[in-house]
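Accompanying notes for the structure given below.
Every read-out reported here was derived from the displayed coordinates using simple, explicitly stated rules and does not represent laboratory data. Just so you know, these numbers come straight off a predicted model, no measurement behind them. As a convention, Cβ positions derive from the backbone with ideal geometry for all residues, glycine included, and neighbour counts pool all protein chains shown.
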Amino acid sequence: MKLPAPNALIGGALIGGLAVAAALGALWTPHDPLALDFRAKLGAPGAAHLLGTDEFGRDVLSRLMAGAATSVWISLLTVGFAITAGTALGIFTGYVRGWVDRIVMAFNDALLAFPGILLALGLLAVVGANKYGIIVALGLAYTPSVARIVRGTVLSLREKEFIEASRVMGNSELYTMARHVLPNCVAPLTVLATSMFGWVLLAESALSFLGLGVPPPAPTWGNMLAGSRPFIAQAAWLGIFPGLCISLTLLGINLLGDAVRDKLDPRMRGV
Amino acid sequence: MKRLAFSLCAAVLCTAVPAAAAAETVTVALNADIRSTNPGVNRDDNTDAVILHVVEGLVGYRENGTVAPLLAESVSTAADGLTYTFKLRRGVTFHNGAEMTSADVLWSWNRYMDPKTDWRCRPEFDGRQGLRVTGVAAPDPYTFSMTLEKPSALFLDTLARTDCAMTAVLHRDSVRPDGSWDRPVGTGPFRLGEWRRGEYVTLRRFDAYVSPPGERRDGYVGAKRPLVQEVKFVTIADAATVKAGLLSGALDIADIPDDDIPELSKSRAIEVKTAPTATKHAFLFQTRDPLLGNVKLRQAIAAALDLPQLVGHVSNGLGRPNGSAVYVTSAYHDEAHRRGYTHDPARARALLAEAGYRGETIRLIANKRSSVPSYPAAVVAQAMLQAAGIRAEIEVLEWATQLDRYTKGNFQMMSFTYSARLDPAQSYNQFFGPKDRFPSKVWDNPKAQELIEKASLVADEAERRAIFGELHRLMLADAPLVFLYNAVDTTAVARRVRGYAPWVASKPRLWEVSVGD
Amino acid sequence: MLRFALTRIAMALPTLFIVAVSVFVLIRLIPGDPAALMLGDLADPASLADLRRRLGLDHSLPVQFAIWFGNVLAGDLGLSITSGQPVLPLIVGRFWVSAQIVLVAVLFASLVAVPAGMVAAWRQNSLADIALVGAATLLLSVPTFWLGLLLLLFFGLELEWLPVVGYVSIAEDATRGLLYLVMPVMTLFLHEIGVVMRMARASTLEVLRLDYITHARAKGLPEAAVLWRHAFKNAFGPTWTLIGLVLGNLLGGIAVVETVFTIPGLGRLLVDSIFARDYPVIQGCLLFVAFTYVVVNLIVDLFYPVFDPRVTAE
């Protein structure tokens, strides 16, 4: 039995820890993450509050734990949305080609050229400024990149011998795509999906900073990070801890993503 | 390495040289660029603040919020209360050297009342808001008179309003031959220097300025000598950058969020000055909402809020709770206005039961602009409401979106800030009115309507005082909104700057300000 | 080459048209009204209607679009609602400010990150790889508004090396202008290192797995020659494409950096215009950004054959 690669080990440990924290945070936190305590404003990390308190006297650790679940959930759904929609669109256009492809890709490129801020603001206004609004807005913003990459892969594959062979053997188009095209998209998609996961965690933060209000009243790491900025000199822990959470999560996801890709990439089999 | 050393050396030189040249320049931070140089037309608060250094009106606000002559020497009212006669000060010159006479006042007035000018305050004077100027005349070079349709207690106050740009008197060189706006040629203590859009606007001292009489600065009147050579208003959107700019000495004067006070007070080069203003923070209710239409529920919410604690927290201990539309330092803020809602959880619970409240969620709209406590107030209120058994959810909107919801009356509850109005009647008018015609108004009550109309007509102070007291009582009973407190203007001022003080109108004034070492 | 470029531009025209339409629709879906913002909290319905009429906002949306688009085709992007300035010169002026920051930052970031990414890939799963990936991830996950502020506090306040507030254009005063650009460029540079390095690493990994690398190694070529002659050239292609994408995206995303460092650039202009609902400027900015995006990616594609011999420009 071979030991798993170090990237799988470290990545797995980080993501495992995150999952435990998120699960625990949903059930129990040391303090109520929303309870205000005016006497404990901007308290430094200490015995009563392990990671300090924020400008409303709320316990940072409890908020990080409660925020883990929200943040991860938002990121997962957003990435899931973008990957599903983008893959479907990419495979479809890459396969049918012709004028349908042209039109869809023109829309796709238009969306790519759109600054994310405006897209998010517009869609948040339409969908409603809540968790699901963010998921739809960011999901839509990331869909075109996915579509582009998948379409590229499909285009390069469709002339390959094994695809041709599958067709000659009388397999349906749908089967060919699922069996032979999709697996070849996994490697590039893993890289993209792991990056995207991080972008989502941060995008929310950047939108908050610009005042474009991404508003869950419940804590998320992104809005905690953005909200900490005015206190950077007085209470650095307010930003450092959510920042660290985001960093470590990203690191874990990236390492794990690499490991997963190595396992799934057909070219890597047997190496 | 050599190049690096050179550029560092250049850095030192560069920061040293402008510092010497800047001794006579006072740098002030603005959170957004001005919109135009056209007084009272394309404007916002920052635009008014800058432009009112350049132009002046016949009358202006004093420190205590009352109105006094500025370009006028005296103002007299005819016995019927309809005709106002302004005697102009002699020897006042425009920035182009021309003497100001009643012909200029007349020209300026006619320009403002021309629909093509788009003066923001034209509706205030053409009868649309009740007040109508029927005639103006310039019988001699130093006399100007205006006649009203009906007597009004608000006429002079409206002329002095900062958002009307004080109904400033302009020289006709301010516009191009085709009538389009060029640049302000006014009578103010400073001339417009250079405006780099998105970066800064500078004002230069007007050396021929003749200060109005007075020993001391008094609002927009009194002593107004320009003492520094140049004032530079720099646009900085990010409050953290403003703080760094103050600490580094790159900025001399800036409004700062209350949260920054403790940190900036520690710096030896900076002094934090505060002044109560007439800006009002409030929670608005939509009284036409199926849920909040119930006055019992609104009163329950009011009783659930611990206002002293809320205000203490969001203002960092600077603000005083004020449940009245009349600002806390106003001459009209008497005993009657000290009454407000008191925190009473038992009463809140009883009222909720009477209202038949069954845990429905109330959506509370707020925004995250750093210049107003909209968001922190909402967060604290949410926790207090929750403690009283009321479910509230905060919806954070970007400001323009919130304003749109406000204008359309499309909200349940909103954490909102009303800009400063110094006269109590003007202040009530901001939120009172027929909801059918003005969806943004939160309070609509026939009895109050009568009282406000009366307050706009009556000039006698004692009588007005009684009216406002009665209005406040009515408002507390109806609970269309909960006033929290009047904003406190917190300004950080570099110690090298002498004589600067924030004041009730919440606008910087750079006259009578000098630079020491 | 020229025909390729022209075809690409022709192909981009529908994209630009879609951008124009969707921008127009999207910003009008966003609640908020430039006229209401101009009048503030005491707007009465009559003055509001007056102002809307003067701004041409009283027409129906299709009519407004037709008027605007007709003018765009004639090369006129209209006047800003807030400042009354013509939109095109406004955008072009702001664009250069942003472009110099973005270009320098991305150039330096690529110089550092591409080799680093390749080394990481070459020694995949080694300690060096994990350290590099860790560093890149850390850089990626520090938001620019934090990083920028940290730099500002350190270099501006602590060391007093660099000016904290303001902006001087290089055209006016080269030395001082450069000083004002150091921190914004550094902020973006540090952030982009993370982005570019990850992509360089991923694409090098792909290439290293291909048969011809194994072949080259089997032939007994020295590792350096394998890396340089075979891997680098092929791996740089996708990275180069990404750099193009990053450049395009940055123009939209640079607003944060410009806000922190009070730089009058295009990103800040866009955000301010969104806040003020300055429709002509938003529309102009987005068309301009979309156009730049198309051009940048075209240039990237034209250079692609230089880096990837397998691809020709046709």
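Report relative contact order for region B:153-312 in percent, whole number only (criteria: Cα-Cα under 8 Å, sequence separation at least 6).
Relative contact order for region B:153-312 comes out at 10 percent.
Nothing charged except the Cβ atoms of Lys and Arg (+1) and of Asp and Glu (-1): what's the magnitude of the dipole of chain B about its Cα centre? Round to the nearest 20 debye.
It comes to approximately 660 debye.
If you take all C-alpha pairs in region C:95-307, what percent of them are over 28 Å apart?
38 percent
Given a Förster distance of 22 Å, report the FRET efficiency between residue A:233 and residue C:160 from their Cβ-Cβ distance, rounded to the nearest 0.05.
Calculated value: 0.85.
In nm, to one decimal, how far is the residue B:514 label point from the residue B:461 one, both placed 7 Å along Cα→Cβ?
Reported label-point gap for residue B:514 and residue B:461 is 3.4 nm.
Using alpha carbons only, how many angstrom separate the centre of region B:469-495 from the centre of region A:31-77?
So the two Cα centres are separated by 31 Å.
Taking neighbour counts of Cβ atoms within 10 Å as a proxy for exposure, in what order, fewest first, do C:197, A:105 appear?
Lowest to highest Cβ neighbour count: A:105, C:197.
How large is the translational diffusion coefficient of region C:2-73 in µm² per second when you combine the Kirkwood radius over alpha carbon pairs with Stokes-Einstein at 25 °C and 0.890 mPa s?
For these conditions, the coefficient is 168 µm²/s.
For C:209, B:90, A:148, which order do you get if you count the other beta carbons within 10 Å of each Cβ and list the fewest first?
Ascending Cβ contact count within 10 Å gives the list B:90, C:209, A:148.
What FRET efficiency do you get for residue A:132 and residue B:176 if R0 is 56 Å and r is their Cβ-Cβ distance, rounded to the nearest 0.05?
Numbers: r = 53 Å, r/R0 = 0.94.
For R0 = 56 Å, the calculated efficiency reads 0.60.
Residue by residue, what Karplus-based ³J(HN,Hα) values in Hz, rounded to whole numbers, does region C:175-192 have, using 6.51, -1.76 and 1.60 with θ = phi - 60° and x for Gly and Pro?
Here the 3J(HN,Hα) series is 5, 5, x, 4, 4, 6, 8, 4, 5, x, 5, 4, 4, 5, 4, 4, 5, 5 Hz.
At a threshold of 8 angstrom on Cα-Cα distance, excluding pairs fewer than six apart, so keeping six or more, what relative contact order does region A:33-180 reach in percent? Intermediate values should be presented prior to the final figure.
On the way: 158 pairs, mean separation 32.6, N = 148.
So the answer I get is 22 percent.
Compute the Cα gyration tensor for the protein assembly as shown, then decide on rounded, prolate or oblate, letting a ≥ b ≥ c be the square roots of its eigenvalues: rounded whenever a/c is under 1.5, prolate when a/b is larger than b/c in the other cases, and oblate in all that remain.
prolate
If amide H atoms are built 1.01 Å from N in the plane of the peptide, which residues on other chains or at least 5 residues away come under 5 Å of the amide H of residue B:394?
B:364
Which whole-Hz ³J(HN,Hα) couplings does region A:218-229 yield from phi under the Karplus relation 6.51 cos²θ - 1.76 cosθ + 1.60, θ = phi - 60°, glycine and proline marked x?
6, x, 10, 4, x, 6, 5, 5, 5, x, 7, 4
Please name which of C:193, C:267, C:218 has its Cα lying farthest along the dipole of region C:95-307 towards the positive end, using unit charges on Cβ (Lys, Arg +1; Asp, Glu -1) and the Cα centre as origin.
Checking the options against the dipole of region C:95-307, the answer is C:218.
Inverting the mean 1/r over all pairs of different Cα atoms, compute the Kirkwood radius of region C:70-134 and quote it in Å. Don't skip to the answer; put the middle values down first.
Values: mean 1/r = 0.0645 Å⁻¹.
So the Kirkwood estimate lands at 15.5 Å.
Counting only DSSP beta bridges with both residues in chain B, tell me the antiparallel percent, nearest 5.
Bridges in chain B are about 80 percent antiparallel.
Whole-Hz ³J(HN,Hα) for each residue in region A:96-104, computed from phi via Karplus 6.51 cos²θ - 1.76 cosθ + 1.60 with θ = phi - 60°, x for glycine and proline: what do you get?
The phi angles translate into 6, 6, x, 6, 4, 4, 3, 5, 4 Hz.
Let me spell out the model: positive unit charges on the Cβ of Lys and Arg, negative unit charges on the Cβ of Asp and Glu, origin at the Cα centre of the protein assembly as shown. What dipole size does that give, in debye rounded to 20?
Magnitude of the dipole: close to 1940 debye.
Order by neighbour count: A:71, C:110, fewest other Cβ atoms within 10 Å first, most last.
C:110, A:71
For region B:276-487, how big is Rg over Rh, using alpha carbon atoms and the Kirkwood form of Rh?
So for region B:276-487, dividing Rg by the Kirkwood Rh gives 0.94.
Could you check the spin-label model distance between residue C:150 and residue C:71? Points 7 Å from the Cα along Cα→Cβ, value in nm.
Rounded to a tenth, the inter-label distance reads 4.5 nm.
For region C:76-194, what value does the Rg/Rh ratio take when both radii are computed over Cα atoms and Rh is the Kirkwood radius, given to two decimals?
Using Cα coordinates only, the ratio equals 1.10.
Using a/c under 1.5 as the rounded threshold, could you call chain B rounded, prolate or oblate? The axes a ≥ b ≥ c are square roots of the C-alpha gyration tensor eigenvalues, and prolate needs a/b larger than b/c, oblate otherwise.
Verdict is oblate for chain B.
Taking the Cα centre of chain A as origin and charging only Cβ (+1 Lys, Arg; -1 Asp, Glu), how large is the dipole, in debye to the nearest 20? Before the final figure, lay out each step's value.
Values: 19 positive and 15 negative charges, 82 e Å.
So the dipole magnitude of chain A works out to roughly 400 debye.
Could you give the distance between the Cα centres of region B:344-385 and region B:94-108, to the whole Å?
53 Å
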